[in-house]
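Trainee: First, the structure itself, so that you have it in front of you.
Values quoted throughout were computed directly from the atomic coordinates according to the rules given, and no laboratory measurement underlies them. Please read all numbers here as calculations on a predicted model, not as lab measurements. In this analysis, Cβ positions are derived from the backbone assuming ideal geometry, glycine residues included, and neighbour counts consider all displayed protein chains.
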């Protein structure tokens, strides 16, 4: 199981339940990237609140497992 | 012009009053310099004649002017050093010159400050590096084509935030190794692993270009670089 905070795990269980138990980092990062792409931006190409939250999870999963 | 004169007089009076009361004069000094810079810019652009007598205030003489300028300059030096702009924009006078006569650079400086203040970019990223990366993207990526034929036309503010987001670990706030920008450039210009357009919630379209260790998003309709994130290699 990949390393991540409880907060990140809860986020993934809610938004991307199929990938929570993934064993490869990119199996989480790829769908999370697409989720941010679709739901995470405002009209100025800045992150909205969801984008900020999802990016925090992305950073947590990436930096907790890739060095 | 009259408004600027009133502001100059106002902040000179404020300076004198605060100084006499033994209180902090820094705000008055900074605002006075800003009003004077606005006036100088207005006069240089309109060709009108400066009426120095209309900028005078009782009690604000030569020594107050010198002290006020030194104080404003010191405040600017501390601020510009803290954001890494002190090597590029060395003095307060130069800062005002950029503000009034180099709009793109001033906009970039404002954007940089907003990105840091919003917490979306680490203060570890100094303005000199930020400006250098912005310039590199403009010169090394803008005008280039993706393998699907989209011409890159520019970069969003968010894109540059994310470039630096891939360079500095948000947990440790320490820079990661590797030249991320080169990887991005290579990804955008050489990768054939390109998604079909996805429709964002705001109706804009986006394509995702993947390469080893990186993903980059581009708006296929505008050619604007929007997003990037690191991936496992």
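Trainee: Using only the Cα atoms of segment B:80-142, build the gyration tensor, take square roots of its eigenvalues as a ≥ b ≥ c, and label the shape rounded, prolate or oblate: rounded if a/c is under 1.5, else prolate if a/b is larger than b/c, else oblate.
Mentor: oblate
Trainee: Okay, helix-only estimate at 222 nm for chain B: each DSSP H run of n ≥ 4 adds -39500 (n - 2.57), divide by all residues, round to 500 deg cm²/dmol; what do you get?
Mentor: -17000 deg cm²/dmol
Trainee: Using only the Cα atoms, work out Rg/Rh for segment A:6-65, with Rh taken as the Kirkwood radius, to two decimals.
Mentor: Here Rg/Rh amounts to 0.96.
Trainee: Within 10 Å of each Cβ in peptide B:202-210, how many partner chain Cβ atoms are there on average? Round it to a whole number, please.
Mentor: Mean partner shielding for this stretch: 3.
Trainee: Using the alpha carbons of chain B, what is the convex hull volume per residue in cubic angstrom, as a whole number?
Mentor: 168
Trainee: If R₀ is 22 angstrom, what is the calculated FRET efficiency for the pair residue B:129 and residue B:74, using the beta carbon separation as r and rounding to 0.05?
Mentor: With R0 = 22 Å, the Cβ-Cβ based efficiency is 0.35.
Trainee: Here's a follow-up. Where a ≥ b ≥ c are the square roots of the eigenvalues of the C-alpha gyration tensor, would you call segment B:125-230 rounded, which needs a/c under 1.5, or, failing that, prolate if a/b is larger than b/c, or oblate?
Mentor: prolate
Trainee: Could you work out the mean count of beta carbons from other protein chains within 10 Å of each residue's beta carbon in B:155-161?
Mentor: Average neighbour count from other chains, rounded to a whole number: 3.
Trainee: Here's a follow-up. What ranking of B:49, B:110 emerges when the number of other C-beta atoms within 10 Å of each C-beta is taken as an exposure proxy, fewest first?
Mentor: Result, fewest neighbours first: B:49, B:110.
Trainee: Go through A:24-33, A:40-49 and give me the packing order, highest mean Cβ count within 10 Å leading.
Mentor: A:24-33, A:40-49
Trainee: Let me ask something additional. What is the Cα coordinate range of the protein assembly as shown on the first, second and third principal axes, sorted by size from largest, in whole angstrom?
Mentor: For the protein assembly as shown, the Cα spread along each principal axis is 74, 42, 33 Å.
Trainee: With all pairs of different alpha carbon atoms counted, what Kirkwood hydrodynamic radius in Å does segment B:41-122 show?
Mentor: 15.1
Trainee: Also, I was wondering about something else. Return the single residue from B:45, B:81, B:157 with maximal mean-square fluctuation; model: Gaussian network over chain B, springs between Cα atoms under 10 Å.
Mentor: B:45
Trainee: For a quick check: sort B:115, B:217, B:195 by the number of other beta carbons within 10 angstrom, fewest at the front.
Mentor: B:195, B:115, B:217
Trainee: On a C-alpha basis, how far is the centre of segment A:3-59 from the centre of segment B:202-233 in Å? Whole number, if you could?
Mentor: 15
Trainee: Between residue B:140 and residue B:23, what's the calculated FRET efficiency when r is the beta-carbon distance and R0 is 51 Å? Round to 0.05.
Mentor: 0.50
Trainee: Report the Cα centroid-to-centroid distance between segment B:1-51 and segment B:122-145 in angstrom, as an integer.
Mentor: 35
Trainee: Now a separate question. Just checking the output field for A:44-53: average partner chain Cβ neighbours within 10 Å of each residue's Cβ?
Mentor: Per residue, the average neighbour count from other chains is 4.
Trainee: To make sure I understand, if each residue's beta carbon is the centre and we count other beta carbons within 10 Å, what order do B:134, B:158 fall in, fewest to most?
Mentor: B:134, B:158
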